[in-house]
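Below is one structure, written out as C-alpha cells, with a few remarks after it.
The values are calculated or read from the model by the stated rules, or taken from the named source; none is laboratory data. Given the structure is predicted, the values throughout are model-derived calculations rather than measurements. Cβ coordinates were reconstructed from backbone atoms using ideal geometry, including for glycine residues, and neighbour counts include every protein chain displayed.
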Ligand code: ATP
C-alpha cells in the first residue's frame, strides 16, 4: 500500500544452508504500531535483522518509505529513518550519555543536543545518572536506555526485538507505558513514531494497531488484535484457554 512506511515481501533467509524464514511478508503503515508475535525460535530476530540490514535476504524485498532498501547497509537505513533496538540494546561499557550520543550519531550536533534534553525529560532516571555506565543499570533502566538510545536518532520507525526480555511484569508495563507516549497520539515530544515490536508477551498487543504471528519461519496471520482474538486456534495458541 502507498502509505506503508515499511514493507517486506517474500523474505527467505537462514544460517549457512539452514533456511529459517519462508516467504515472510509484513507491512507497517505510516504512524502505526505493529506487533510481531511468535514463540522462541519462530524467527522473529532473524526477520528483524533482515529488515534492518544485519542479515542478507536470500529472496524477497524490503521497502522503506517506498524505496527499495533490500541491499542497503544498516547505516544507510538508519539515515532514512529506521532505528533498531536489539535484545541487548545498549553498550554496557559506555555511559548513559555516550549511549545516547551513539544512538544519535548521524544527527546534527544542535539537533542531537535538543533531542537528548527531551529524552532526559521523559526518562528522569537516566538524567540523574548521565555519567553512570549502562552496564551498572538495572535491567529495567537498561531497557529504558535502549529505547532512549534508539529514539536519539529521531527515527520514523522504531524496530524493537523483545523489549520485554528479562523484565519483571512491573517493568514490562513501564516499557509499554513509555512506548505508548511515543506512538501516534502519544504525549511525548516527537510522538507519532511508527513501531514494529517483536514479542512473545501478549501484553504488548495493547500498543498494536496491527498484529502478525510468526510460526516456524512463516507468517501465519496478519490483522487487527480483534481479528486475532476471533480466530479460535490463534486465540488458544497465544492466550491459552482463558
Ligand atoms: P528468540 O525469542 O529465542 O530470540 P526468535 O523468534 O527471535 O526466537 P530466531 O532467533 O530468529 O528466533 O531463530 C530462528 C531459528 O534460527 C531458530 O531455529 C534458531 O535456532 C536459528 N538460529 C538463530 N540464530 C542462528 C545462528 N546464528 N546460527 C544458526 N541458527 C540460528
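Computed quantities for the displayed model
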{"item": "Within the range 130-242, helices (runs of 4 or more DSSP H) holding 3 or more residues that are at pLDDT 90 or above", "result": "139-151, 169-182, 225-230"}
{"item": "Check on residue 140, under 14 Å from the mean Cα position of the chain (by Cα), surrounded by fewer than 19 Cβ atoms within 10 Å (Cβ to Cβ) and away from the ligand (no atom under 14 Å from the Cβ)", "result": "no"}
{"item": "Residue within the range 47-55 that is within 27 Å of residue 176 (Cβ to Cβ), part of a loop (DSSP other than H, G, I, E, B) and out of contact with any helix residue (DSSP H, G or I) (no Cβ under 8 Å at 6 or more places or on another chain) present", "result": "no"}
{"item": "Per-region count, the range 34-46, residues touching a helix residue (DSSP H, G or I) at 6+ places or on another chain (Cβ under 9 Å) and assigned to a loop (DSSP other than H, G, I, E, B)", "result": "2"}
{"item": "Any hit, the range 121-131, residues being over 28 Å from residue 34 (Cβ atoms) and touching a strand residue (DSSP E or B) at 6+ places or on another chain (Cβ under 6 Å)", "result": "yes"}
{"item": "Count of the range 6-33 residues which are in contact with a helix residue (DSSP H, G or I) (Cβ under 9 Å, 6 or more places away or on another chain) and away from the ligand (no atom under 13 Å from the Cβ)", "result": "4"}
{"item": "Counted residues, the range 199-221 - those being within 13 Å of residue 176 (Cα to Cα), within 12 Å of the ligand (Cβ to nearest atom) and touching a residue at least 60 places away in the same chain (Cβ under 8 Å)", "result": "1"}
